[in-house]
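Comments concern the structure below.
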Amino acid sequence: MLVHGEAGAGKTLLMAMAGLALRPGAGKVQLFGLDPWGASRQGRARLRRRLGLVFQDLSLIDDMTVAENAALPMRIAGVRPEVLRRDVGELLTWMGLAGKAAARPGDLNHDECQRLAVARAVAGRPEIILADEPVGWMGPEAAARVLRLLLQLNRQGVTLVMASRNPDLAPAPQKLELIRGRPQPEARP
Amino acid sequence: MRLRLPRGFATFLITAALTALAGLCALGGATVLERTGGWRTRLAGEMTVAIRPGPAGTSDAEVTRAAEILAGTRGVAEVRVLGRSRVAELLAPWTAGARGPDLAVLPRLIAVDLDGRAPARRQGLADALNAAGIGAIVDDHQGWRRTALDLRRQAAAPLLGGLAACLAGLAAAGSLSTGREAERRQQALRTRLRLGETPGDCVRSLILSCLPELGLGTLAGGVIAAALGLASGLGTPGANAAALAQPVVILAAATALCALVAGTLALVTAVRRTRDMEP
């Protein structure tokens, strides 16, 4: 699914609520058929682990290395260290960040930071990926590569929700346009 | 060049200083309790009889007779007649300044050790001496015992206050250091929570990063208090191992209490801050 709209349309807000980063003041969020805000903190944490998030502000942790940042969802999920090392190594290679595994996010350029954020989102093998402007700062080659990965995961059964200002970012079976926080009826050809 | 202290060093110093003070307060309190208690027990177990001097002083024969009467009274374990020079020494604070008082006109003192099981009463001793025609004053040390009790109360209040203030300071140190660490790691903790880490795990990681400075600080404070206590002779009436055991236990308990207070407040702050960060 692609959520698109102009800046300030409410895409990030919608993604934050879907990603359980914001609690809605009114209305209801349902995730996997459950009411996350009616669940316990532990229950909500379990639901969050089933999501892969690419934040618009990237939210990389500065005092962790690139590899540690990418491995964080797997570590939180309790993946064994040897599996974690192997998977993160592969993922960073795929993202073109293998040579920067020991660097800190502060040493990366914005393009690389965004690739790292995507790597972290897919590392935990999530059931749903919520990606807010996942390729906004990337060069065309890196953007194409990252989109290919996301779409490949989508074909393998992962639900993919992307938010972007670009309505033609990627082929999507469902598109939702937001204007001032309100979804617009889908334009029919 | 600007001197940059390691992170957490200030917390370490404050914790060490407050723990050392708390330990010294506890040690001082225990010493006052123990010494005044011992003093009161000793004073309660004996009486002092002062034989009133006549115009020509007090004869040795009269004192000996008084001692015999006292020794024969029920409830008396032992009687010791104090020599004239010892009496002069004891009464020196009251006679100093007087121009060489004649030792013969000073009252003669007899120390009476009471039988611990059925001690004699003050009135009983006075009656026995009066019946024998000996003018004497029997002092059961009530005044001194009251003084010891007052001393205990007066010393206990500031020491308890000091201990409470140190514990309050440690609680604040635990809370502030955890709060500061939560502030520093706010972005990382928020991200971890958003990625599905449980609040409990976040609290654990926050506490683990604060515990070394708090733990080492209390430990160092305990060691400092032990060194200062030993140097000033607090809580060590004797030099043997048994006499050392009590202050060591008191210091260990005070240090543990300090660590518990600082750790508890650190934990409470970590839980509260983590809850605030969770959406």
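Summary of values
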{"read-out": "Members of segment A:93-149 that are of a type in the set (S, T, N, Q) and within 16 Å of the chain's Cα centre (by Cα)", "value": "A:Gln114"}
{"read-out": "Matching residues, segment A:1-47, being out of contact with any strand residue (DSSP E or B) (no Cβ under 9 Å at 6 or more places or on another chain) and within 9 Å of another protein chain (Cβ to nearest Cβ)", "value": "A:Leu22, A:Arg23, A:Arg41, A:Gln42, A:Arg44, A:Ala45, A:Arg46"}
{"read-out": "So B:Leu159, is it surrounded by 17 or more Cβ atoms within 10 Å (Cβ to Cβ) and not assigned by TED's automatic domain parsing to the domain that holds B:Arg80", "value": "yes"}
{"read-out": "Any chance B:Arg7 is surrounded by fewer than 18 Cβ atoms within 10 Å (Cβ to Cβ), within 30 Å of B:Cys210 (Cα to Cα) and charged (D, E, K, R)", "value": "yes"}
{"read-out": "Residue ranges of helices (runs of 4 or more DSSP H) in segment A:78-189 with at least 2 members among the β-branched types (Val, Ile, Thr)", "value": "A:81-94, A:110-123"}
{"read-out": "Residue list for segment A:53-67, restricted to those being within 10 Å of chain B (Cβ to nearest Cβ) and outside any strand (DSSP E or B)", "value": "A:Phe55, A:Asp57, A:Leu58, A:Ser59, A:Leu60, A:Ile61, A:Asp62, A:Asp63, A:Met64"}
{"read-out": "Meets criteria (without any contact (Cβ under 8 Å) to a residue 12 or more places away in the chain and among the aliphatic types (A, V, I, L, M)) for A:Val83", "value": "yes"}
{"read-out": "Condition check for A:Leu169: touching a residue at least 12 places away in the same chain (Cβ under 8 Å), within 16 Å of the chain's Cα centre (by Cα) and surrounded by fewer than 18 Cβ atoms within 10 Å (Cβ to Cβ)", "value": "no"}
{"read-out": "Test for B:Cys210: is it more than 36 Å from the chain's Cα centre (by Cα) and surrounded by 14 or more Cβ atoms within 10 Å (Cβ to Cβ)", "value": "no"}
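Rundown of residues vs (1) out of contact with any Cys (no Cβ under 8 Å at 6 or more places or on another chain); (2) modelled with pLDDT under 90; (3) at positive phi; (4) more than 11 Å from chain B (Cβ to nearest Cβ), yes/no style:
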residue: A:Leu51; (1), (2), (3), (4): yes, no, no, no
residue: A:Ala70; (1), (2), (3), (4): yes, no, no, yes
residue: A:Gly89; (1), (2), (3), (4): yes, no, no, yes
residue: A:Ala98; (1), (2), (3), (4): yes, yes, no, yes
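A quick yes/no check of all residues on (1) in contact with a strand residue (DSSP E or B) (Cβ under 8 Å, 6 or more places away or on another chain); (2) β-branched (Val, Ile, Thr); (3) buried (at least 16 other Cβ atoms within 10 Å of the Cβ):
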| site | (1), (2), (3) |
| --- | --- |
| B:Pro119 | no, no, yes |
| B:Leu125 | yes, no, yes |
| B:Ala132 | no, no, no |
| B:Thr147 | no, yes, no |
| B:Gln154 | no, no, no |
| B:Leu163 | no, no, yes |
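The values are calculated or read from the model by the stated rules, or taken from the named source; none is laboratory data. Treat the numbers as computed from the prediction; the structure is a model and nothing was measured. Methodologically, a virtual Cβ is constructed for each residue, glycine included, from the backbone with ideal geometry; neighbour enumeration extends over all protein chains shown.
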